[in-house]
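A short worksheet on the structure shown next.
The values are calculated or read from the model by the stated rules, or taken from the named source; none is laboratory data. None of these values were measured; they are calculated from a predicted model. Glycine also receives a Cβ, built like all others from the backbone with ideal geometry; neighbour counts cover every protein chain displayed. To get the accessible areas, we keep the full protein, side chains included, count just its heavy atoms, and leave off ligands, DNA and RNA. Shrake-Rupley method; radii C 1.70, N 1.55, O 1.52, S 1.80 Å.
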Amino acid sequence: MGIDCAARAGRIQLATWAAGGRLSFRDGLRLNLYGEAASTLTPNRLGGEPARFLGMTWSGLRVVMALVALGVEVAAEWPVFGIMALALAAYYVPDWSQAADRFLSHSLARDLLGVELIALVVLIVIWTLQRLVRPGAIRHRVRRQWRVALAHVRRARWWVLFAGALLTAVSLAARALILPALAWGHPDAPPFSVMFFGSLALIHAPLVVPLPSGGGGIEVAFLSGFAGDFGAGQLTMLLLWRFYTTILLTILGMYLLVRTHGAKAAKELFTVGWFRRPRR
């Protein structure tokens, strides 16, 4: 977890330097915690980018400089996300039918009934969110990310983008390795590849699932053995994994945000994407 946080802080530092500004490592770490907390509590992680942007301006950067820095960072991130998606597809797609057969044969009827009930609840929540989430917020966010990134990627030096991509890869790998680290020494630990790729996929599921932190869906997938079967310790492993990959960073980010900038600023960030704008 420390490697993940340090890599992301270094990446935003580098992007800020490429934009012509300066950002301390402490400020980089702090604003990334803001973003983590806001991402966890908003649908499709919509609050993360505004939180990090405000964190940069609160650190003394000009608005334009903060936008340029985020554009450079996004330009370095997306190629790594594309490679990650290809790696996950190469790992899961070839034997998806065999994996489904193993899951269906391994699970009892009552387990499948529980999964169906939870899936029904998740669908109801998604239906509700479609009426609460600000219309077009997700599409607007993606378009804006690419527009800002493309506007500044041509101006950034190639080694800055390469270093940013490398730090992104380190960050993704470090967070995915939290699950194998928790299973270290477990007598019946699943294969390393199952834990690594399963964790990698579940960590990024909130990007496509319109639920804050992928609530419900990620837990169901984990308990169903998507990231490995830990036997009687499945629930304990889920709680530990969620604590180190999501809960702890969210608590730290909320605490720092409220303590430094007040509850009003936290409320503005944690409600990003949720409600329709009032009519004028």
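Observations
- The selection criterion, being at pLDDT 85 or above and assigned to a helix (DSSP H, G or I), holds for E73.
- Tally, over region 44-92, of residues that are out of contact with any Leu (no Cβ under 9 Å at 6 or more places or on another chain) and within 19 Å of G21 (Cα to Cα): 9
- Selected residue [assigned to a helix (DSSP H, G or I), of a type in the set (A, V, I, L, M, F, W, C) and modelled with pLDDT of 85 or more] from F226, F222: F222
- Output for region 22-76, where each listed residue is in contact (Cβ under 8 Å) with a residue 24 or more places away in the chain and of a type in the set (V, I, T): T40, T42, V68, V72, V74
- Y244, sole failed condition from (1) modelled with pLDDT under 90; (2) out of contact with any Pro (no Cβ under 7 Å at 6 or more places or on another chain); (3) closer than 29 Å to A69 by Cα: (1)
- Residues satisfying the stated conditions in region 48-81, i.e. farther than 17 Å from F25 by Cβ, open to solvent by 40 Å² or more (accessible area, probe 1.4 Å) and hydrophobic (A, V, I, L, M, F, W, C): F53, L54, V63, V64, L67, W78, F81
- Among residues of region 260-272 that are closer than 13 Å to W58 by Cβ and surrounded by fewer than 19 Cβ atoms within 10 Å (Cβ to Cβ), those with a beta-carbon under 9 Å from a residue that is of a type in the set (V, I, T) and modelled with pLDDT of 70 or more at least six positions away or on a different chain give the pairs A265/V258.
- Region 225-236 residues that are over 19 Å from L177 (Cβ atoms), paired with ones that are open to solvent by 30 Å² or more (accessible area, probe 1.4 Å) and part of a loop (DSSP other than H, G, I, E, B) (beta carbon under 6 Å, 6 or more apart): G231/D188
- Enumeration of residues in region 23-64 that are over 14 Å from R8 (Cβ atoms) and assigned to a loop (DSSP other than H, G, I, E, B): S24, L41, T42, L46, G47, S59, G60, L61, R62
- When region 199-209 is limited to residues that are crowded, with 18+ Cβ neighbours inside 10 Å and either assigned to a loop (DSSP other than H, G, I, E, B) or over 12 Å from the mean Cα position of the chain (by Cα) (or both), the one that is modelled with the lowest pLDDT turns out to be V209.
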